[in-house]
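The values are calculated or read from the model by the stated rules, or taken from the named source; none is laboratory data. The structure presented is a predicted model; accordingly, all values stated were derived computationally and were not measured. Cβ atoms come from the backbone with ideal geometry, glycine included; neighbour counts cover every protein chain shown.
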Amino acid sequence: MEQHIPNVRLRRVVRGTSSIEATKKNRKNHLLLLKASGKIYYYIEDQVEYLKSGDVIFLPEGTSYSVKGISAGTYIAVSFQTDHMDAPPCKLWIPDAKERFEKLYTASQKQDSLTLLSLFFDLLHRLSLADRYSYLSSKSESFVKDAVSIIDQKAFHSDFRLSSVPQALGISHVYFCKLFRQTKGITPSQYLATLRLEKAKSLLRSGARIAEAATQAGFSDPLYFSKFFRKQLGISPSQYVESTKA
């Protein structure tokens, strides 16, 4: 039976240092990226992915995203093009990811074409099997997906309580926190705090007053908001506003 083999072109393999904050619009190539060290958030449309050392993310051609680093660290990135690729942006679990990416990078530096292509196509194979390498069962993933949906919808309401989420899903608080951390890499409270902080920053950049930004981002106490803001970013909200004017 005749089969079509997609035209795949490996563009480059690079090692670099992650930016603390960066934005990328409409990627020109597909990207497989290993977070070799450090911790970082990827904001992809309405999706937030947390990457720590050893995690891998796939960003398809045309994806727009921004990153916010907790600690910059290093990465190894593989850019490629292909005639057919319909996988969405996703975080992957790849066994021995660091070792595989290191070997790939070494082969690219040595211009060892056969080894390079062999390792590269192995990564593509694992990308095609992404669903089989999920962290959790489909039922557990469904719980987390529903939890994220609830949090995203209610995050900026000051009376929202995370305890209402496992109640709505019919699971225990302990089980909820465990599932959430396993699949997102952070706790539900960290996820909520990140959403609110990014919302507040956006409001401050657009000219909102500090108290107004705090309230609209879901913080009921402006004083707590200011302390939280300083703890997370190392500067006060007013200093942040000044920095955006520079």
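Quick notes on this structure:
- Looking only at residues of the stretch 145-164 that are acidic (Asp, Glu) and within 21 Å of GLN216 (Cα to Cα), we find that the one that is surrounded by the most Cβ atoms within 10 Å (Cβ to Cβ) is ASP152.
- Checked against the criteria, GLN167 does not count as modelled with pLDDT of 90 or more, surrounded by fewer than 17 Cβ atoms within 10 Å (Cβ to Cβ) and in a helix (DSSP H, G or I).
- Meets criteria (touching a Leu at 6+ places or on another chain (Cβ under 9 Å) and part of a loop (DSSP other than H, G, I, E, B)) for LEU197: no
- Residues within the stretch 60-105 that are charged (D, E, K, R), over 13 Å from LEU123 (Cα atoms) and surrounded by 15 or more Cβ atoms within 10 Å (Cβ to Cβ), tallied: 3
- Any hit, the stretch 216-231, residues being within 21 Å of VAL67 (Cα to Cα), outside the structural domain of ILE94 (by TED's automatic domain parsing) and surrounded by fewer than 17 Cβ atoms within 10 Å (Cβ to Cβ): yes
- Of all the listed residues (ILE20, ILE44, ILE57), the sole one being closer than 17 Å to ARG126 by Cβ and either of a type outside the set (Gly, Ala, Ser) or surrounded by 14 or more Cβ atoms within 10 Å (Cβ to Cβ) (or both) is ILE57.
- Top-ranked residue in the stretch 170-186 [being among the hydrophobic types (A, V, I, L, M, F, W, C) and outside any helix (DSSP H, G or I); ranked as surrounded by the fewest Cβ atoms within 10 Å (Cβ to Cβ)]: ILE171
- Criterion: among the aromatic types (Phe, Trp, Tyr) and more than 21 Å from GLU21 (Cα to Cα) - qualifying residue of TYR65, TYR105: TYR105
- Those strands (runs of 3 or more DSSP E) lying entirely in the stretch 1-107 with at least 2 residues more than 24 Å from GLU198 (Cβ to Cβ), among the charged types (D, E, K, R) and modelled with pLDDT of 80 or more: 8-17
- Test: ALA193 is modelled with pLDDT under 95 and in contact with a Pro (Cβ under 7 Å, 6 or more places away or on another chain): no
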